[in-house]
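Each remark here refers to the structure printed beneath this line.
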Amino acid sequence: MKKYTLLSFAAAIFAFFALSSCDNEPLEGEFGPGPNPPGGGGNANASFEAVVDSTNFVANFSNAITENDMTIISGSLADGTSIQLTYAGFGTGDFTLSNYTEGDGIATYMEMGQNQQYMTNPPDATGSLTVTAYDAQAGIISGNFSFTAQREVEQEDGSLEIVTVEVTQGVFSNVNLESDQTPPTGGGDATFEVKLDGELFSDNQVAANNNQDGLVMEATVGNQQIVVQVFNPGEGDFVLGSNENAEALILYNVDSTDESSPVYSSSEGTLTITSFDTTNKTATGTFSGTLVDAFGEEADISMTEGVFENVSFGEAESPNSATALIDGEPFEASIFTIFGAGGDNIGISFDSDLDMSIQLTLPQNVETGTFAITAPPAAYSANIFYEEGNSTLDYASLPDTGEITITSINGDMVSGTFAFTAETGNGDTLTVTEGEFTMDVSM
């Protein structure tokens, strides 16, 4: 059983409509039922409507998809102008539309003939989404939304101007839905609560998934996030920890918007699953224990009165994998993260049971090809982080000691190989060979 947790707490998958080359014209249309969206059973009652800067937007095409624990809802005009709503998880509920690192998801608006989208970007550009109906079996989704989005426009003098669009009165009804999730039928809102050093953490919108890596639940309160993983779920007691003997793992991120924020992991405790309903796809149980800072710099946190009730989970396969040899010893990743690495770069990290990780820095607009290893934090650089006692050693890649090859890009799924030598400040080195990875790099 591979120990796998979803630490990319705020992720988004993008599927943009093709744009025509027509001249930009004002949006037209009257409110009313939209036309039958293509595919998905011919739902003649589907509609996707909004007001964009006081102009009616009535979609000619609409669709929605849930894949890898993300849901995307899209509506577009015949000329390619489109609105897209993305939120983490699936099912009904209220969701904050924000940026890549805050909130529950994002919203975008793309105008006909433009090559840059408007996007929610706090604090001035945010929004909200309410999903009122989610029926994976019938293949339909309904709800309402509104948001403010922005984009940068280059002026004749080379300066950049922020342009804003207001999308209001958004509503979608009976939109075609393709979902890789089993529809939750577990009887009402979920409950996830725990006291952290006596302070209540409570969330009733819990994203959960059950696959070959176990049961994974993700709860969010503001910028705080907790991930629970039970490696072989079923009714019974499970030992909490972060070593090879652990049967379950809990991770706590104090502030998911701050890369320097402490991240805690369970060091001891017990998690009990009192009900694991594989028919209705719900889980109920309790937990308590101790959380410790991964770098040993912060005081331990006590978890008491932890409870999760009627948490609905889907069933989807994990798309991520990474293996390598480090000084000839096998490395297999069990935890995968993605984050902004400054400028136009992203970082992807492959962690092995919380004691060793390989981090690659890539351009956001990654392309296929072979690239020489550089020194961090530049694109096509790498780091190895190795826990030794209460400290973490950072091995930084040495330029021209290897290569990163991007072998394929399929949507947000990127595959490649890597090899390099990395060195600490005291001159110790580690050599990585036969590195291979496949990872969803959406943010």
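Quick notes on this structure:
- Compared with the direct C-alpha span, the chain from THR429 to ILE409 gains 4.1 nm at full extension, assuming 0.36 nm per residue.
- In this calculation the C-beta distance from ASP53 to SER261 is compared with R0 = 45 Å, giving a FRET efficiency of 0.75.
- Across region 289-338, the mean sequence separation of Cα contacts (distance under 8 Å, 6 or more residues apart), normalised by length, yields a relative contact order of 20 percent.
- Residue ranges 412-423, 197-208, 332-343 sort as 412-423, 332-343, 197-208 when ordered by packing (mean number of other C-beta atoms within 10 Å per residue, highest first).
- Relative contact order, whole percent, for region 367-443 stands at 26, derived from Cα pairs under 8 Å and 6 or more residues apart.
- Fraction of beta bridges assigned by DSSP in region 74-173 that are antiparallel (%, nearest 5): 95
- Computed across region 255-363, the Kirkwood radius stands at 17.1 Å (inverse of mean 1/r, all Cα pairs).
- Note on region 385-443: with charges restricted to the Cβ of Lys and Arg (+1) and Asp and Glu (-1), its dipole about the Cα centre is near 120 debye.
- Percentage relative contact order, region 188-297, counting C-alpha pairs under 8 Å, at least six apart: 17
Each reported figure results from applying straightforward, stated rules to the coordinates on display, with no laboratory input. In this text, all values refer to a predicted model and were calculated from it rather than measured experimentally. Virtual Cβ from ideal backbone geometry, glycine too; neighbours counted across all protein chains shown.
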